[in-house]
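Worksheet: the structure to be examined is printed underneath.
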Amino acid sequence: MLGQSEGISVGIIRETLFRQRRTLLEKEISLRNYYVKVRAYKTIDGKQYYGTYSSVKRIKVK
């Protein structure tokens, strides 16, 4: 689906449990582990259709 998508939805958190959140402020980023997942979306007739989320990946910000 990613090849035909219009964009992606990204989830970024500091804990292992995801909460819905739209942005991550730059001042919150420090030496921490974050967990990221993404999914593609496409808009058809004004309605957004989302793909499934990817597996959760851990990243470390230095």
ask   = HN-Hα J couplings of region 43-56 from phi, Karplus 6.51/-1.76/1.60, θ = phi - 60°, integer Hz, Gly and Pro as x?
value = 9, 10, 6, x, 10, 8, 10, 9, x, 7, 5, 6, 5, 6
ask   = Around TYR49, with a cut-off of 15 angstrom between Cβ atoms, what is the net charge of the other residues, counting Lys and Arg +1 and Asp and Glu -1?
value = +1
task = Rank by packing, highest mean first: peptides 4-11, 43-50, with packing defined as the count of other Cβ atoms within 10 Å averaged across residues.
result = 4-11, 43-50
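Coordinate-derived values only; no laboratory data. Predicted, not measured: the structure shown is a model, and the values here were computed from it. Reconstructed Cβ throughout: ideal geometry from the backbone, glycine too, with neighbour counts over all protein chains shown.
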